[in-house]
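The values are calculated or read from the model by the stated rules, or taken from the named source; none is laboratory data. Note that the structure is predicted; figures quoted are calculated from it, not measured. Every residue, glycine among them, receives a Cβ derived from its backbone with ideal geometry; neighbour counts consider all protein chains shown. Only protein heavy atoms, including side chains, enter the accessible area calculation; ligands, DNA and RNA are left aside. Shrake-Rupley method; radii C 1.70, N 1.55, O 1.52, S 1.80 Å.
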Amino acid sequence: MKIPFSWLKDHVALTATPSQIAEDLVRLGHEVEAVEMPRAAVIGVRVGQIESKQPHPDADKLSLLKVNIGEAELVDIVCGASNMGEGDKVPVATIGTSLPNGLTIKKGKIRGAVSYGMCCSEVELGLAEDSAGLLILPVDAPIGAEVGDYLELEEAVFDLSITPNRGDCMNVRGIARDLAADAGLALAAIELGEIAINQAINAPDVAVAAEKDCPAYLARSITGIKVADSPAWMQARLIQAGQRPVNGVVDVLNTIMLDLGQPMHAFDADALDGDIVVRSAVGGEAFSALDGRELTLNTDDLLVTDSSSVIALAGIMGSAPSGVSESTTNIVLESAFFRPARISETRRVYAMVSEASMRFERGVDPAMVEVAMQRATAMIIDLFGGSASEITQCGDADKINAERSVKASVSRIQSRLGIDIPVSVDDVLVRMGFAVTRDGDKLAMTVPSFRHDISIPEDISEEYARVIGFDEIPELLPSLATTAPAMPDRSVHDAVAAGFLQVINYAFISASEQRLFVAADDLDIELENPISDAMSVMRRSVWPGLLNTARYNLNRQQSGVSLVEQGRVYYKTAAAHQESNVIAWLMSGEVEQDEWFDAARKADFFDLKGAVEAWLTLRGLTGRFIADDSIQGLQAGQSAKILVGRAEAGRIGRVDGDIASALDMDAPVYVAEINLDLLSAGKKTKFAPLPEFPGVERDLVFLFERGVSSDAILNAVKSAAGKLLIGARIFDLYDGKGVPEGFVSLGIRFALQDAKRTLTQEDSDAASQSIIAAMDKKFGATLRG
C-alpha cells in the first residue's frame, strides 16, 4: 500500500523527515518496503517552451526542436512525439538528469542530429504507466522552473506492506493514528460536509436476508449528478497511491477507501430493477463482473441483488451492467460491513482480488460505515451536483465489536517482554483508541472497534512491544529450570517405519466434516473469526483431514494410500475446553501391486488391524478389538472399539459407503484412531533364553452359535488353559454341510510349553478339558468329533 506524505499530514501535523517517519513505522510494526521521493526523482527536469519545430530530414517520425529552458541559448532536442507544437510548454530533462525509470540523459546523436536533452511524458516522470505523448504543461508554467516544484510532486511516498492482522492500517488514517499516538500529536477530526436531504427523493428499498454475513448495510440515492473527471489533485493522489483514476464518482469512493479504510460501491440507479436484497447465492446463478469475467456462482456466496440479477459479489466487485459511467445521472451508494471470513472464502474461490476485498477480509472499522457514506455523499454533490435522499439502514454497525475487553497481568507481560512497562506507555495506547485501566498488577483494556486482531493477553503484549520498540527488548535467553530430558515421542515414527506416510492437516475443519464422525452436540469449539467456513470449527476427529488427503492423492493416479497423522483434537468442557493427543491411520486402495506371480491386492480391515496391533506391541501393549456397530461414520459389521487394558482407547473400521461415495472414493477406506493420553506405560521388553524343552500343539473344533466374537473366545481359552499356554488362535471356520443353521464351526489351535520340563500327555489333556469346559460354560459350545 502506497501513502503520499502529504496525505498523512492531512490527518496529523508531522514535522519529522520522511526517513524518520519510515523508522518510526518500522518500530511500530509496519514494514516499509520503500520510500519513493517523486520530487527529488525529477530534479533537473525543467519547464521548457518549444520555440521551433522542424521535421527531421532523415526520419519521418522525428522532429527537431529548439527549446527555451530559461538559459542564454536554446536547447536542441530530437523528439519522437507528435502531440506538441511551437509555443507549447513541456518538461525537459537536461544532460546529466536521472529519471525515475533509471534513464540518465546524455548528449547523443539521433539519425545525424545532435540532441542535448529529452522532452518528457508522464511515463518518464513516473506519474503514469502509459501516455499518448509529451506532458503538455499549462501556459502559465514558468520557463526554467523545476518541474517537480511546479507540479507540486510529493516529497515522499511510503510503500508499506501491511500485515494481514492489521486491517485497521489499510488506510491513511490508520497509519496516521499510529504515528500520532507514538509522537504525542493530535489526530485530526474527520470533517463531514453539510448534506441537504431532498425529501422528494425516495431512499432505496433494501432487505438483508444474510444478517450473519452482513450485519450492517447502508444505502442512499443521489439523483441528478453529472459524472465528469475527478479534480486534478484527486487524480494525482490516486496515482501516487498506486490507483488508476476511472471516473469522478469511482475516484471519490476510492479516495475515501484509501483515506478511511471503508470500501464503498456506487450502482447506476437506472440500471437497477426493483429493491436491493443482500442474500446468499443459489448455486448456478450468473454474474457479469466489472473486470469482464463471467462467473457461475456457488451456493452461499454473499450477493447484492435486485429483482432480476446479481448486481455485486458483496465486498469484492460490482457487476458490469450496474456500473457507473459517464452517462450515469442517478446513483445508489452502498456502505456496509461484511463478515471477513465470508469475503475471504469467496475471494479465494474465484481468485478475484480487489482493493475492497483486501480490506473487508481483514475487517473494516464498523464506525466508518456511516461516516464514509456521509463523506462520499458530500464530495459527490460538491463535485458533480445532484440531490441526496435519506439513508436506508439495515442492521446496527455500532454493535459490531462493541464493548470488547481483554484482561492481562502487568507482571506477566513484563516477564514475557523482559522489560519494565512504564505507565507512560499506557498513554500511547489510549491515543491509539484503547481504554487502559491499571489496578496494581491487573490490567484491563477496552479494545476499539477497528482492532479486530486484539482478543487475548498475548495481543496486548505485542501492542506494548510495538510502542516501546522491539529494539528495546533485551537479547537475553530466558532462565530455564534444569529438568530431566523428556523421552522422545516415537508414536508417529513407529507408524512411518511400518510403511505409513505421515501427513499434517489443519486442526480447523468445516462443521459438515465434523458431523461425519461426531454426533451433533454442544461440544464443538467454533472459531469467532474463521478464515473460511471450511475451517470454522476445531476438529474432534483426525479422520476428516486424512480423508481429504487420501482423496487428493487417489485422484492423482496413486493406486493406494497408507497415511498416519498425530495431532490434537479439541472439544468443550464445563470449565473451558480439552485437548487430546491422538494418532490416526488410513488405508485405501492397493497395498500390494500386481506382479508376474500374483494379482494386486487392496487393503482390507485386517491390514489396518494388524498395523495397529503391531504398533501397540512396540509399546508393550495389547489391544482387544470389540465389534461395535454404533460408531458414527463407520460401516456396521466392519467397525470395532479398541480396548487397551480397561480403557476404551480407540476405534477402527471401514468408512461408511455413503461418506466415501460423497468424496468420490471408489475403493473401501479403512481408518483407525487411538487416544495417546489413555494409553498406559506398557510392559517393558524382557529377554529370556530360548526354551530347552519342546512345546505341544493341540487342535479343538467347537460348534458355536453365530454372533460370538472371536476375541471373547480366545480370552476364554487363555483363562482356562493356565500358565502353560503360550499362544492360541482360530485356525479354521466352517459353516457348510453338517453345520446346523445359526451355528458355525471354529477350529482353535493352542500351544503349551514349560521352560523347565518336557510336558506330558496329562498336561495337554488337562488343558484340553479345561478349555472344553470353559467353552461349554461360557458359550454353550459343543466339541465336534
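Which percent, nearest 5, of DSSP beta bridges in the chain are antiparallel?
The antiparallel fraction comes to roughly 95 percent.
Give me the distance between the Cα centres of the range 733-785 and the range 209-268, rounded to whole Å.
That distance is 86 Å.
On a 0 to 90 degree scale, rounded to 10, what angle separates helix 457-468 from the longest Cα axis of the chain?
Result, in degrees: 30.
Only Lys, Arg, Asp and Glu count, each charged at its Cβ (+1, +1, -1, -1), so figure out the dipole size of the range 40-150 about its Cα centre, rounded to 20 debye.
The dipole of the range 40-150 has a size of about 400 debye.
What shape does the range 40-150 have by the C-alpha gyration tensor, where a ≥ b ≥ c are the square roots of the eigenvalues, rounded means a/c under 1.5, and otherwise prolate means a/b greater than b/c and oblate the rest?
Taking the square roots of the gyration eigenvalues as a ≥ b ≥ c, the range 40-150 is rounded.
Using a probe of 1.4 angstrom, how much of the accessible area of the chain is carbon and sulfur, in percent?
For the chain, the apolar C and S fraction of the accessible surface comes to 50 percent.
Would you list, by chain and number, the aspartates and glutamates whose Cα falls below 18 Å from the Cα of Lys602, excluding same-chain residues fewer than 8 positions away?
Partners within reach: Glu590, Glu592, Asp594, Asp656, Asp664, Asp666.
Rounded, prolate or oblate: which fits the range 424-552, taking a ≥ b ≥ c as square roots of the Cα gyration tensor eigenvalues, rounded meaning a/c under 1.5, else prolate when a/b beats b/c?
Oblate shape, in that a/c is at least 1.5 and b/c is the bigger or equal ratio.
Which value, in debye to the nearest 20, gives the size of the charge dipole of the chain about its Cα centre, when Lys and Arg are +1 and Asp and Glu are -1 at the Cβ?
2960 debye
Can you give the local net charge around Ala444? Use residues other than it whose beta-carbon is closer than 10 angstrom to its beta-carbon, Lys and Arg +1, Asp and Glu -1.
+2
Out of (1) 300; (2) 291; (3) 163, which label holds the value of volume of the Cα convex hull per residue in Å³ that was computed here?
Computing volume of the Cα convex hull per residue in Å³ and matching it to (1) 300; (2) 291; (3) 163 gives (2).
Applying 1/(1 + (r/R0)^6) with R0 = 25 Å to the Cβ-Cβ distance of Ser161 and Ala189, what FRET efficiency is obtained, to the nearest 0.05?
The calculated FRET efficiency here is 0.30.
Projecting each Cα onto the charge dipole of the chain (Lys/Arg +1, Asp/Glu -1 at the beta carbon, about the Cα centre), which of Ser131, Val353, Leu290 comes out farthest on the positive side?
Val353
Using only the Cα atoms of the range 195-258, build the gyration tensor, take square roots of its eigenvalues as a ≥ b ≥ c, and label the shape rounded, prolate or oblate: rounded if a/c is under 1.5, else prolate if a/b is larger than b/c, else oblate.
Verdict is oblate for the range 195-258.
Any idea what the dipole of the range 491-678 comes to, in debye rounded to 20, about its Cα centre with Lys/Arg Cβ at +1 and Asp/Glu Cβ at -1?
In debye, rounded to 20, the range 491-678 gives about 420.
In the range 358-432, which GluC sites (Glu not before Pro) are in a loop and have at most 14 other Cβ atoms within 10 Å, using DSSP for the loop call?
Glu403
Any idea of the accessible area per residue across the range 404-472, 1.4 Å probe, to the nearest Å²?
49 Å²
May I ask for the net charge around Ile105, where only other residues with Cβ less than 12 Å from the Cβ of Ile105 are counted and Lys, Arg are +1 while Asp, Glu are -1?
Surrounding charge for Ile105 is +2.
Provide, as a two-decimal number, the C-alpha radius of gyration of the range 34-105 over 2.2 N^0.38 Å, N being how many residues it has.
1.22
Restricting to DSSP H runs of at least four residues, report the calculated mean residue ellipticity at 222 nm for the chain, -39500 (n - 2.57) per run over all residues, nearest 500 deg cm²/dmol.
Mean residue ellipticity at 222 nm (helix-derived): -7500 deg cm²/dmol.
With a 1.4 Å probe and all protein chains kept in place, how do Ser580, Ser52 rank by accessible area, largest first?
Ser52, Ser580
Find how much the distance from Ser559 to Ser424 grows on full extension, using 0.36 nm per residue of separation minus their present alpha carbon separation; answer in nm with one decimal.
Result: 42.1 nm gained on full extension.
Treating cross-link reach as a plain straight distance, find the lysines whose alpha-carbon is under 23 Å from the alpha-carbon of Lys109, omitting any fewer than eight places away in the same chain.
Filter leaves Lys53, Lys61, Lys66.
Sorting check: for 169-182, 486-499, which peptide has the highest mean count of neighbouring beta carbons within 10 Å, and how do the rest follow?
My ranking of the peptides, most packed first, is 169-182, 486-499.
Of Gly80, Pro38, Ser280, which is farthest on the positive side of the dipole of the chain, counting Cα position, with +1 on Lys and Arg Cβ, -1 on Asp and Glu Cβ, and the Cα centre as origin?
Checking the options against the dipole of the chain, the answer is Ser280.
Order these peptides, 346-354, 663-671, by their mean beta-carbon neighbour count within 10 angstrom, highest first.
Packing order, densest peptide first, comes out as 663-671, 346-354.
Provide, for the range 639-785, the number of lysine pairs with alpha carbons under 27 Å apart, each pair being eight or more places apart or on different chains.
Counting lysine pairs in the range 639-785 gives 22.
Given 0.36 nm per residue, what is the gain on full extension from Val139 to Thr782 after removing their alpha carbon distance, in nm?
219.8 nm
When each pair of different Cα atoms in the range 541-635 is counted once in the 1/r mean, what is the Kirkwood radius in angstroms, to one decimal?
15.8 Å
Considering only the other residues whose Cβ falls under 12 Å of the Cβ of Phe384, what net charge follows from Lys and Arg at +1 and Asp and Glu at -1?
-3
With every protein chain kept in place and ligands, DNA and RNA left out, what is the accessible area per residue of the range 491-678? Probe 1.4 Å, answer in Å².
Computed with neighbouring chains in place, this is 50 Å² per residue.
Enter the accessible area per residue of the range 206-399 (Å², integer; probe 1.4 Å; all protein chains in place).
36 Å²
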